[in-house]
Amino acid sequence: MSRAATRARQAHDEESATWRALGTLVRIVVTDPRCLAEAESMLRAELAAVDLACSRFRADSEISALRTANGRQTQVSPLLAEAIAAALRAARLTDGDVDPTVGAAMNALGYDRDFEQLQAAGPATAVTVRQLPGWRQVRLDGRLLTMPSGTELDLGATAKAWAADRAAARIAARLGCGVLVSLGGDIAVAGPAPRHGWRIRVQDVTGAPEDPPDGPYALVAIRDGGLATSSTTARRWRRGGDLLHHIVDPRTGQPAEPVWRTVSVAAGTCADANAASTAAVIRGRAAPGWLNALGLPARLVDTAGAVFTVAGWPAPSVLSGARASGSDVTQN
């Protein structure tokens with residue numbers, strides 16, 4: 001799941017490590033180079049545990065084992081319970097736009113394995129409206145989980161963002177340094193920020209921070225909180241003549257209409273930012289008004305490349321908490 005880490009010294013004595021895990025690019029940056037080795041070790045262990053608990057692509061994962069529960073109440077591990085609780089919170093906050101019960105619909109669309117192993121093209125899929133179990137049918141009481149028989153959970157919309165928040169907070173608390181954790185387009189920061197904040201480049205084409213930007217971009221700086229970008233172009237595949245993407249509208253069981261190429265949102269946590277950016281893709285043209293009403297700074301890029309900003313984006317150069325703005329250079 002990972003490759004040897006590559007390290008690059010940053011300005012102001014920041015240092016980073018980069019590798020792949022959870023099917024995405026992982027990057028950790030610390031304000032004290034002496035902390036990097038232990039911070040990287042902690043993050044690798046954290047992500048390995050999250051993968052074993054939450055991956056729907058692993059036959060030996062805890063979440064895969066839930067498929068045989070057949071509607072029975074099941075006790076889950078503390079880690080999986082926390083991940084499911086985060087997913088249910090995202091569902092509540094988005095009025096069900098982000099729904100963890102879309103697993104079966106994702107499989108039916110062909111997204112049934114790690115994206116790197118997914119065939120870029122395949123036979124046509126039947127385009128049907130699928131009735132999902134719905135997040136309200138999932139009951140979590142502490143570690144006791146109950147859901148309808150046949151329900152397949154997909155925590156992909158929230159688990160990486162939640163994991164970024166969790167890992168950044170744990171590493172900062174243990175090592176006492178400033179930490180930035182990026183899992184694809186999901187960024188969480190914790191601990192003391194660099195003097196000028198964490199500088200983050202927002203662009204619509206996946207890339208590495210050290211590479212020149214490809215196309216329009218924005219450069220922002222934050223001191224705390226979380227950032228997330230959701231995209232309808234970063235993970236796409238064909239089935240028959242249909243071009244599909246991974247953000248599913250739970251009302252239809254089909255990919256959301258691609259009104260937006262990318263949506264970048266800031267919030268008090270990475271998990272909340274991810275929930276809002278994912279829901280914005282699903283809400284389509286109604287997204288700017290919804291985000292503005294919530295006071296979440298956001299940058300939306302439509303399929304023609306036009307950029308729309310709401311709720312103070314771009315805000316001042318260094319922002320805080322829910323007033324932060326931006327996203328990583330790679331997207332979910």
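Key figures
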quantity: Nonlocal amide H pairs with residue 145, under 5 Å, H built at 1.01 Å; calculated: 74, 75, 76
quantity: Stretch gain in nm, segment residue 45-residue 195, where the contour uses 0.36 nm per residue and the Cα spacing is subtracted; calculated: 51.1 nm
quantity: Distance from the stretch 258-273 to the stretch 133-164 (C-alpha centre basis), Å; calculated: 21
quantity: Ranked by how many other beta carbons lie within 10 Å on average, peptides 157-168, 32-43, 90-101 from highest; calculated: 157-168, 90-101, 32-43
quantity: Gain on full stretching of the segment that runs from residue 308 to residue 286 - 0.36 nm per residue minus C-alpha separation; calculated: 6.7 nm
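No value in this document is a laboratory result; all are computed from the given coordinates. Please read these numbers as outputs of a predicted model, since none were measured by experiment. Cβ coordinates were reconstructed from backbone atoms using ideal geometry, including for glycine residues, and neighbour counts include every protein chain displayed.
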